[in-house]
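I have placed the structure first, in the form of structure tokens, so that the comments after it can refer back to it.
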Amino acid sequence: MIRYASRRILELAIVFVGVTFLIYLMVFSLPGDPIAALGGNRPLPDNVVAQLRDQYNLNDPIWLQYLRYIGGLFTGDLGTTFDGASVSSRMAARWPVTITLALTAWGIEIIIGIGLGLIAGLRPGGAVDRTILTATIIATSIPVFVLGVAAQLLFGLQLGWFPVAGVSDGWPTAYLLPAVVIAVFGLAAVSRLMRGSVVDTMRSDFVRTLVAKGMPNSSIVGLHVLRNSVAPVLTFLAIDLGFLLGGTVVIEGIFNLPGIGQLLFDGIRTHEGPTVVGVGTALIVIFLVISVVVDLINSALDPRIRHD
Amino acid sequence: MTEKTMSENQSTTVLSVRDLSVGFRVGGQLIEAVRCVNFDLAAGEALAIVGESGSGKSVTSLAALGLLPPNAEIAGEIRIGGVDVIGAGPAGLASVRGTLAAMIFQDPFGALDPVFTVGYQLTEMLRHHRREMSKQERSQRAVELLKLVEIPEPEVKLASYPHQLSGGQAQRVMIAIALACDPAVLIADEPTTALDVTVQRDILDVLHRLRERLGTAIVMITHDMGVVADFADRVVVMRDGRVEETAPSRQLFSAPRAEYTRALLAAVPRIGAGQREHLPEDERTVLEIENLTVEYRGRRGRNIRSVDDVSFRIREGEMLGLVGESGSGKSSIGKSIIGLAPVSGGRITISGRDISALSRREMRKLKSHIGFVFQNPSGALDPRRTIGQAIAAPLRVHDSLTSAQLSDRVSKLLESVELPAHWSARYPHELSGGQSQRVSIARALALDPSLLIADEPTSALDVSVQATVLDLLRRLQHELHFACLFISHDLAVVDSLCDQVLVLKEGVSVEHGERSQILSSPQHPYTHRLLSAVPYPDPDKQRRRREDPLAG
């Protein structure tokens, strides 16, 4: 286990360095000069430009800039934006919104997705199964922004159940509508995956054994079938949490939620290199940590893949 | 249990099947699987239901516990301890399953839930059926049950997961689970078919002792006449969904009434029945293996040695039987000859040429002189190709023939394996297992090989089919005079077919020599154990062997 863990951590470190460097390179090679952009329409005096470039180390070779940045990361310094604020404090203000949104969506995916999949998988080919299949196909074929605007119109304006935008109402009312909208895609995938998994498990020999043992249906389905079927779905769910955290740009725009997605979008728009790299790095760390957690969860659920 | 209650129980019927018919509705059509089956099982009795695949023996046993799929249509009556199983609703079935009657299956690993411990799967049953037991009583009972099925270190094994057990241990755990609530009837559906002979012997021993101690009545579903002779008091012979004959075991073996029973018994290969004329000494050596070692790379750089210093030679027209249990390395030897196993030492010489010295191209040419027949006939044939195309494939690759010559050759090959030539347009799924295996043999012989490697070619087949395929192999070898490496776990098959026998254990050759000498007077204790583990298809002889294992 220790061997396995240390190998995973080494892999993690290599991926981390590789990906952050790529992002860093791409962001700072974007066309356009951030210093020139600071001045707006008026060109800045040459000596000011030179001083600013020097202050932000923009004259150094890119690898040295990167090393300095990584060094800062380990001391908790995520860099400074061009208007002088620290990137970490900016992100700190935004994370709670995004995390709340992503976790709400994730919860919806888990409960409804696994539930629908289980119901469909117990009677494959039945009316319920076919209805769920049709509904999930329709739901996944609608783009997120259409779904988001439609939800605002129906539940926000016409029915007035939820606020149309903003977070002033707090959790859960302000978050429920956008969370459902971004959960729809993953929810459909989870229910399809779960359905297939349940159908396979129900066919296996050990389910027949359990019936022959005289176990009640509730314990066969609720315990044995559920636990055997859920492993492949969990892998997807964990990866999807990463996507939910990083993929909120559009939905935060539609529902005007001040989260990390909006910060990232603004950063890209205004050539805010440090912010973009900071958010990107944070998202990568989340993905990497999740991938390790997935492995640990999987081995906890299925003793056959425990590592020695 | 005292003498008196024992004899009282003998007279009561615990399971009765009356006019049982089962059909499966598939696409609006009713396919009949079982028709008008009748039998009774007395308390404490051991009844065998024997038959080949498609005989309906498994369907009958599944019907007894209401385990048939929803598309099954059942008529007749099955009574277990007074409960009518067919008429009973879910509640009625729940009162039978696990408590009055329990069941064990062929594949013990598949039958256990892989993600729960052995202990959990034992105690969950007690928790459901024996609500009055405390947690402590339950775990005590679990240990007791594992002791009953003779599992060493029961306390440790309770915390194990199924994949940590051996096949024999997993089947013992299944038996323990089945016995947890003292059922009156235990239905065992081919419980030893997936196991090695020595393990089969151990499991049968456990079942024997359980019968003596607990007086559980057992229904044994099997295709193996040896197991029947070893175990059953009475036998039901089934064929195509009907009962051909019901008779006490001794009577069935000594004076079978039904024609089919006689044919079935005649098809069973027996050790000591084989006879082959000796080959002249001066035949050319086709395959020579010297000090062969095969090592697979294991985890953490540790190598797993699967074949260790094995040597033998096969001459033209000769057949060598490579015998061993699972994991003995017998298939690795077969694979190493065609370059599919990592050879780490030794020399393989085919027709005088050392294969390690050959270039890739020469090796390919040499392979055209080697035919290969695998165990699973349907898996070895491409389902999207006709059998004619399958047989023609090696001819296309290695020979340049016109299409007329090609189809002529395919027809001849089909006829040589006793299939009609016009079947060449059929697809594998239209053939039975035995027919598919004939096609595999025809394909292996298409290039007129000097060496045929047959890896368990008849293990997946019914005995009557096996007998005809073995006859075919024998005849073809006589006509074509190829050398044959015959890999098998079945000593009786090897005895009926081979000239030489090599016994493998954990990669090491423990005994090697003339067939008659090895199988009639084995020198190594392992060979002896293998031989004595095979149940002999004769109840009296088998009982004597059971009482005195050295009697052979």
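None of the figures in this text is laboratory data; all of them are computed from the coordinates on show. Given the structure is predicted, the values throughout are model-derived calculations rather than measurements. Cβ atoms come from the backbone with ideal geometry, glycine included; neighbour counts cover every protein chain shown.
For the stretch B:13-134, report the convex hull volume of the alpha-carbon atoms normalised per residue, in Å³, without decimals.
Cα convex hull per residue, to the nearest whole number: 146 Å³.
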Exposed loop GluC sites (Glu not before Pro) only (DSSP loop, at most 11 other Cβ atoms within 10 Å): please give the longest stretch of chain B free of them, not including the sites. B:282-552
Applied in sequence order to the stretch B:152-164, the curve 6.51 cos²θ - 1.76 cosθ + 1.60 (Karplus, θ = phi - 60°) yields integer Hz couplings, x standing for Gly and Pro, of x, 6, x, 4, 5, 5, 4, 8, 7, 9, x, 5, 8
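Structure shown: which of A:K213/B:K57; B:K147/B:K541; B:K367/B:K412; B:K330/B:K365; B:K335/B:K541 lie over 32 Å apart, alpha-carbon to alpha-carbon?
Those over the limit are B:K335/B:K541.
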Reciprocal of mean inverse Cα separation for the stretch B:72-142 (Kirkwood radius, Å): 14.4
B:D282 versus B:H528, label points 7 Å from Cα toward the beta carbon: distance in nm? 4.1
Nitroxide proxy distance, nm - points 7 Å out along Cα→Cβ at B:S368 and B:S344: 3.5
Computed FRET value (nearest 0.05) for A:L133 with B:A91, which takes r as the C-beta separation and R₀ as 41 Å: 0.80
Could you state the principal axis extents of the C-alpha atoms in chain B, from the largest down, to the nearest angstrom? 74, 53, 45
222 nm [θ] for chain B, helices only, -39500 (n - 2.57) per DSSP H run of 4+, per residue, to 500? -11500 deg cm²/dmol
Could you estimate the translational diffusion coefficient of the stretch A:91-259 from the Stokes-Einstein equation, with Rh from the Kirkwood formula over C-alpha pairs, at 20 °C and 1.002 mPa s, in whole µm²/s? 124
Treating cross-link reach as a plain straight distance, find the aspartates and glutamates whose alpha-carbon is under 16 Å from the alpha-carbon of B:K135, omitting any fewer than eight places away in the same chain. B:E124, B:E144, B:E155
The ³J(HN,Hα) series, computed from each phi in the stretch B:428-442 with the Karplus coefficients 6.51, -1.76 and 1.60 at θ = phi - 60°, rounded to the nearest Hz and given as x for glycine or proline, is x, 5, 7, 9, 7, x, x, 5, 4, 5, 5, 4, 4, 5, 4
For B:I49, list long-range residues whose amide hydrogen, built 1.01 Å from N in the peptide plane, is under 5 Å from its own amide hydrogen. B:M220, B:I221, B:T222, B:V236
Express as a percent, rounded to the nearest 5, the fraction of DSSP beta bridges in the protein assembly as shown (both residues included) that run antiparallel. 55
At 7 Å along Cα-to-Cβ for each site, give me the label-to-label distance between B:L30 and B:E144 in nm. 4.7
Taking amide H atoms as placed 1.01 Å from N in the peptide plane, list the residues 5 or more away in sequence, or in a different chain, whose amide H sits under 5 Å from that of B:E73. B:G23, B:F24, B:R25
Tally Lys and Arg at +1 and Asp and Glu at -1 over the other residues with C-beta under 13 Å from the C-beta of B:E415: what net charge comes out? +1
Can you compute the FRET efficiency between A:V293 and A:F145 using 1/(1 + (r/R0)^6), with r the Cβ-Cβ distance and R0 = 25 Å? Round to the nearest 0.05. 0.20
Using the Kirkwood formula on alpha carbons, the hydrodynamic radius of the stretch B:70-209 in angstrom works out to 15.9
Compute the acute angle (0 to 90°) between the alpha-carbon long axis of helix B:197-214 and the principal axis of greatest extent of the alpha-carbon atoms of chain B; round to the nearest 10°. 10
To the nearest 10 degrees, the tilt of helix B:387-398 (Cα long axis) against the first principal axis of the alpha carbons of chain B is 30
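Can you pull the percent of Cα pairs in the stretch B:54-104 with separation above 13 Å?
Of the Cα pairs, 56 percent sit more than 13 Å apart.
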Percentage of interatomic Cα-Cα distances in the stretch B:107-182 larger than 21 Å: 16
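So what is the 222 nm mean residue ellipticity for chain A from helices alone, if each DSSP H run of at least 4 adds -39500 (n - 2.57) and you divide by all residues, rounding to the nearest 500 deg cm²/dmol?
-23000 deg cm²/dmol, from helical runs alone.
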Would you tally the net charge around B:F116, using a Cβ to Cβ cut-off of less than 9 Å, leaving B:F116 out, and scoring K and R as +1, D and E as -1? -1
Taking amide H positions as placed 1.01 Å from N in the peptide plane, with prolines and chain starts having none, which residues 5 or more places from B:V294, or on another chain, fall under 5 Å of its amide H? B:S306, B:V307, B:D308, B:D309, B:S344
Whole-Hz ³J(HN,Hα) from phi, Karplus 6.51 cos²θ - 1.76 cosθ + 1.60, for the stretch A:164-173, glycine and proline x: 6, 7, x, 10, 5, 7, x, 7, x, 4
Contour minus Cα-Cα distance for B:R384 and B:A263 (0.36 nm per residue): 40.0 nm
Using R₀ = 30 Å, calculate the FRET efficiency as 1/(1 + (r/R₀)^6) where r is the Cβ-Cβ separation of A:T235 and A:W95; round to 0.05. 0.75
Taking the convex hull of the alpha carbon atoms in the protein assembly as shown, what volume per residue do you get, in Å³? 250
Listed residues A:F74, A:F145, A:F185; largest mean-square fluctuation, Gaussian network over chain A with Cα springs below 10 Å, found at A:F74
Let's test this: bin the Cα-Cα distances of chain A at 20 Å from zero up to the farthest pair and state each bin's percent. 26, 48, 22, 3, 0
Just how far, in whole angstrom, is the stretch B:480-552 from the stretch A:222-269 if you go by their alpha carbon centroids? 63
